[in-house]
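Where a number appears in this text, it was derived from the coordinates with a stated rule and is not lab data. Because the structure is a prediction, the values reported are computed rather than measured. Note that each Cβ is placed from the backbone with ideal geometry, even for glycine, and that neighbours are counted across all protein chains shown.
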Amino acid sequence: MPSQNAVNRSEREIVVETRNLSKTYRDFWGRSKKVALKPLDLEIRRGEIFGLLGPNGSGKTTTLKLLLGLIFPTSGEALVFGRDATDVSKNERIGYLPEESYLYKFLDAEETLDFYGRLFDMPPEQRKQRADALIEMVGLSRDKKRQLKEYSKGMTRRIGVAQALINDPELVLLDEPTSGLDPIGTREMKDLIIDLKKRGKTVIMSSHLLADVEDVCDRIAVLHLGELKELGRVEDLLRVTDVTQIRAKGLSTNAHEEIRALLKRHGGEEIEIGNPRTTLEDLFLEVVRDTQARPGRRARTSGISDT
Amino acid sequence: MVLEEEIPRFAAWIGPALLWYLFAGSLVAVLVAAVAWLVQSALYGPLAAGDRVYRGVLSGLVDLSGMSLRRIWALSRLAVQESLRRNVLVVLGIFALIVLFAGWFLDPTSVNPGKLYLGFILAATSLLVCLVTLVLSVFSLPADIRGKAIQTVTTKPVRTGEIVLGRIIGFSIVGTVLLALMGGVGWAFVVRSVRHGHEIAAEDLVEIRNDDGVSTGQEGRTSLDRGHRHRVDIATNGTGRTDTVQGHRHTVLTVKSGVQNGSSDQVTYEIGPAEGLLEARKPLRGTLRFVDREGRPSAKGISVGAEWSYRQYIEGGSLAAAIWTFGGLTEQSFPEGLPLEMIVRVFRTYKGEIERGIAGSVRVRNPSSGLQSDPFYFQAKEYTIDSLTIPRTLATTSADGGTRQIDLFADIVSNGRVEVVLQCLESAQYYGVAQADFYLRAGNGSFAFNYAKSCLGIWFSMLLVTAMGVMFSTFLSGPVALLATLSVVLLGQFREFILRLFESQVTGDTSIVPGGGPIESLYRIVTQTSITLDLDPSTTVTAMKTLDTFLLAPMRLGAALFPSLATLGTGDFVAGGFDIPVDLLAAHAMETFGYLMAFFLVGSLCLKAREVAS
């Protein structure tokens, strides 16, 4: 068993570091065409789920590509496991899920994972074992002999996740991981990300879906027009310090009035007192689970109870 | 067959060639690094540029050392699977169609149908195989980059060299399988197409008698098959042979069956299979020199005005002669005498009897003592290989007119060397010969094996086309890479011409290649000016010639840098019935390997320097 000091030291280890990392796309004549990323300084530590958040064109994917060595920085540097991002050997410890699963459509699931396993120089038995486990994990066992061109988007995404994990990576980079997934797939993806963290993996994900980032990320960097706007822990960034939130269950209308009076007495400004709303994602998942648990039962027409 | 240059022995040049290759490779590497530094300097300044180039070189070397066979094989397998997905096997159907309908446009009555069929099949095979692998190789990588599948590969611990090599190997495997299948079908097609027999009955033959009325044999003509028939001579012992028609002849055997029902012997004639059609002659070649019409040594023969100066001519009815010196002869190698085969071209200054060849003579001579045999007479015909066996026992006539018997090896061959003297006997007619035209038939190789060796030549071409296609596709889009590769192939086809044209342009020696470069040629076409006329000096002409030089310079560079696929082809040997020399194949193999290495390195470097996700 590693000592507590060793664990702490490991958690403090910087897995990814960027220093003044910037990217400018140029035209054929070398003239600046688009500044995709302005100088960026980041440190991502082992075991974190780090989110790159921003609207389309904000530089999230550019940052990921720079970290992967798919494109080269205009200035600054990106270090992954202490090595330059263009160093191929770092990829031994990395898994990458692109925004869309860019895989070879003429292969089936088994062949796909076997192919990517070979790229990690894995011996045949290990490849087979790993591929079987991952196919099982992403729920493609029944479809593993079908060519990927026959897969739905969700299935393609799942085999994409499997290929990203074929080498049991220490660092997983996910570009818009929930893009194109239905609510169940989204939830499974988020569960998977949290599970990866539990297994000690470091995850960097980019997304423009705020709820996804909020649900799973420990820290986030908010990018806009290629510039870092915010960086910190999610709970710190989202905490509204001048607002007090009280959540209670089973209070009567009279109790609501008493609370209002109490707020007035203390000079507080009442913002809202009432029944909170659940999220549409939670509502959808509950309906689906309910339907699966009791097939044939009619859908409810009114709202659901508090969660 | 034409052999413009001697084939050097492999062992004689491989050592210096490898050293030169390493030196040239190192020089190019230094030049590339210098150019990279200059480009980077313009963007990032000299110090940062130096650091980038250093790190790039170091990273490249580390990548090369870290290549894995398993990854290369994985990428090769992927390339094969991709090819199959693209229905590459359809090309086999196209080839089958070509073979099925070949009979429509191949003339079985041609001068040498074996050569025609072989040339056609080898050309079709080469074209289809190279075209298929070219298309596969140039579009694969750009498609992966455009479809972004490359991103899931390059984010694995894959070296760019592995991606390039994997594709080269994968598509080469596809090309190899196609070549093997087409080669096999082609071989069967050729053998089946040229295989034929003839018939001859007793009534087709007439008895030949001498002045005393004694039979000396029979002569006649065979049946007409495959568009030709042969004249037959049968000796009194019942064996005979036909004349050579369409590049082949047959043996004839008289078969007598026993007495049946009181009747006399029944006689039938068996005509053997065609000889000389699908052969693999192993020639022993000599060196050629000339003697002019006065009997004096001459560096060259006579030019009869042919633009192609491969063959030199000797004048008939004079002392002019072509003399070959053969070496390395032993009694053990040629116990029956010297099997001489001759390709003699005829240039007639008057038509004469066109069906009859031009008379000539061949003598063998001791290169040391000058003792020579009496002449052997023959008639030279166009497009045929004449054969003549110089027997062990020869006659020689001395100056006083006395004739005596001499032994070939005891009296004529000196230190393993012998001279063969060719003369044309008819005045005002000429024989045209080249060094490769006279040879001693040292043995026969297997035709099937020779055909396989020829397919090996196609394989070399296919490898180079594939590697070039992959190399260009690392930095060009698919269609542009296709055009670039085709341009290089075309450039290679005209390599010798471009080299000579550039030399002519730079030195101003119009005798090397008359007519000038592309601009001057266009000017001459438009103004209908002959290429043999010098243009009057003017500013326009000077500008035209200067522009031509600038246009030809990159072509000259390209012609020098890239391989010429035309030189890798060995179809002429097989079609001509000659064994492909191992030295030649070894040279082609080394040339192919050398270029493959270069294409692989350039492709890896370009892909490494490229942002695959930009």
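Tabulated data for the structure shown
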{"read-out": "0 to 90° range, to nearest 10: angle between helix B:46-65 axis and chain B longest Cα axis", "value": "50 degrees"}
{"read-out": "Order of B:C130, B:C606 - criterion: other Cβ atoms within 10 Å of each residue's Cβ, fewest first", "value": "B:C606, B:C130"}
{"read-out": "Sequence of B:V53, B:V191, B:V488 once ranked by neighbouring C-beta atoms within 10 Å, starting from the fewest", "value": "B:V191, B:V53, B:V488"}
{"read-out": "Distance between modelled label sites at B:T330 and B:A586, nm, 7 Å Cα→Cβ extension", "value": "1.9 nm"}
{"read-out": "Using alpha-carbon coordinates, inclination of helix B:518-527 to the longest axis of chain B, degrees", "value": "60 degrees"}
{"read-out": "Under-5 Å amide H pairs with A:L173, H placed in peptide plane, nonlocal only", "value": "A:G95, A:Y96, A:L97, A:I204"}
{"read-out": "Mean ellipticity per residue at 222 nm, deg cm²/dmol - from DSSP H runs of n ≥ 4 across chain B, formula -39500 (n - 2.57)", "value": "-16000 deg cm²/dmol"}
{"read-out": "Kirkwood hydrodynamic radius of the range A:4-238, Cα pairs, Å", "value": "18.4 Å"}
{"read-out": "Rule-of-thumb Rg ratio for the range B:283-444 [Cα; 2.2 N^0.38 Å; N residues]", "value": "1.01"}
{"read-out": "Of the DSSP H helices in chain A, those whose Cα atoms cover at least 15 Å axially and whose Kyte score averages -0.5 or more", "value": "A:109-119, A:153-164, A:183-198, A:280-293"}
{"read-out": "Ranked B:R159, B:R524, criterion: other C-beta atoms within 10 Å, fewest first", "value": "B:R524, B:R159"}
{"read-out": "Theoretical gain in end-to-end length, B:Y377 to B:D509 [0.36 nm per residue, Cα-Cα removed]", "value": "43.1 nm"}
{"read-out": "Phi-based couplings in Hz for the range A:138-149 (Karplus 6.51, -1.76, 1.60; Gly and Pro marked x)", "value": "8, x, 10, 4, 6, 10, 6, 9, 8, 5, 5, 5"}
{"read-out": "Cα centroid separation, the range B:479-507 to the range B:276-313 (Å)", "value": "30 Å"}
{"read-out": "Leading residue at positive end of dipole, the protein assembly as shown (Cβ point charges), from B:S298, B:V90, A:P183", "value": "A:P183"}
{"read-out": "Surrounding net charge for B:A436, when Lys and Arg each add one and Asp and Glu each subtract one, Cβ distance under 13 Å", "value": "-2"}
{"read-out": "Helical mean residue ellipticity (222 nm; -39500 (n - 2.57) per DSSP H run of 4+; nearest 500) of chain A", "value": "-11000 deg cm²/dmol"}
{"read-out": "Whole-number D in µm²/s for the range B:360-489 (Stokes-Einstein; Kirkwood sum over Cα pairs; 37 °C, 0.692 mPa s)", "value": "166 µm²/s"}
{"read-out": "Three semi-axes of the equivalent ellipsoid, the protein assembly as shown, Cα gyration tensor, whole Å, largest first", "value": "82, 34, 23"}
{"read-out": "Length added when fully stretched, B:Q528-B:L89, from 0.36 nm per residue minus Cα-Cα", "value": "153.1 nm"}
{"read-out": "Nonlocal amide H pairs with A:E227, under 5 Å, H built at 1.01 Å", "value": "A:K38"}
{"read-out": "Shape call, the range B:202-271: gyration tensor on alpha carbons, a/c limit 1.5", "value": "oblate"}
{"read-out": "Mean-position separation - Cα centroids, the range A:97-158 and the range B:166-206, in angstrom", "value": "44 Å"}
{"read-out": "Gyration tensor over alpha-carbon atoms, chain B, equivalent ellipsoid semi-axes in Å", "value": "55, 33, 24"}
{"read-out": "Whole-angstrom gap from the range A:12-86 to the range B:368-447, using each part's C-alpha centre", "value": "82 Å"}
{"read-out": "FRET efficiency, B:M1 to A:D84 (Cβ-Cβ, R0 60 Å, nearest 0.05)", "value": "0.55"}
{"read-out": "Cross-link reach list, aspartates and glutamates versus A:K33, counting only Cα pairs under 17 Å and skipping chain neighbours closer than eight places", "value": "A:E227, B:E611"}
{"read-out": "Rounded FRET efficiency, nearest 0.05, which uses the C-beta distance separating A:N254 from A:D218 and R0 of 35 Å", "value": "0.25"}
{"read-out": "In degrees, nearest ten, helix B:113-147 long axis to first principal axis of chain B (Cα)", "value": "10 degrees"}
{"read-out": "Extension gain from B:R610 to B:R404, taking 0.36 nm per residue of separation minus the Cα-Cα distance", "value": "66.0 nm"}
{"read-out": "Estimated FRET transfer efficiency when R0 is 56 angstrom, pair B:K282-B:V57 (beta carbons, to 0.05)", "value": "0.70"}
